[in-house]
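Comments concern the structure below.
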Amino acid sequence: MLTAIVFYILATLCVVTAVLTVTLANPVTCALSLIACLMCLAGLFAQLSAGYVAILQVLVYAGAIMVLFLFVVMLLNLTREEADEGTFGTARALTSLVCVAFLLDLYVFVDAAVGTRDFTEALEGFGSLAGVGEALFSRYLVPFEVISLLLTAAVVGVVAITRRQLSVSKASEPLKVAR
């Protein structure tokens, strides 16, 4: 009973913070609510006896990736007018309505498909280091390698674009004479 209460609290917090992530206007508060969502998700993984995945969730996503997001958002330093340019009241309300309809639809279909099955017993090796490693390097080896190549290509592309923009901006600046 206690595990069900903790699950529903974490799931509700996860959904609420996810909705706040896409509806708040300030990018920093959006990133902070995304961190809260990722922490709730890590709590759900921990409750499923997937301790390794929960630790990875906290360290990689809530830690490293979100620090990078916050760093970029703070570097952009958008003024209030620039931040308000992309907000549309009707579009936001319509999006919220569609999300609520989707969640209700999902609840009805999942409840009809799953019914009252008991999922309390975890699969052998689910979420453990050995289970994740075995799945990653056997069944998902090719997708793992393809994603690593795509990420490497993206990093090389970002570095190339940044260097090109830096060289163009330095060439367009007038020379300063030191006195």
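Below, the figures for the structure above:
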quantity: Hey, Val142 part of a helix (DSSP H, G or I), at pLDDT 80 or above and exposed (fewer than 10 other Cβ atoms within 10 Å of the Cβ) or not; calculated: yes
quantity: Residue that is surrounded by the fewest Cβ atoms within 10 Å (Cβ to Cβ) [pool: residues in region 1-32 that are without any contact (Cβ under 8 Å) to a residue 12 or more places away in the chain and not in a helix (DSSP H, G or I)]; calculated: Met1
quantity: Given (1) modelled with pLDDT under 70; (2) surrounded by 13 or more Cβ atoms within 10 Å (Cβ to Cβ), number of the condition Ala113 does not satisfy; calculated: (2)
quantity: Filter pass, Phe119 being modelled with pLDDT under 75, out of contact with any Cys (no Cβ under 9 Å at 6 or more places or on another chain) and more than 24 Å from Leu24 (Cα to Cα); calculated: yes
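The values are calculated or read from the model by the stated rules, or taken from the named source; none is laboratory data. The structure presented is a predicted model; accordingly, all values stated were derived computationally and were not measured. Cβ coordinates were reconstructed from backbone atoms using ideal geometry, including for glycine residues, and neighbour counts include every protein chain displayed.
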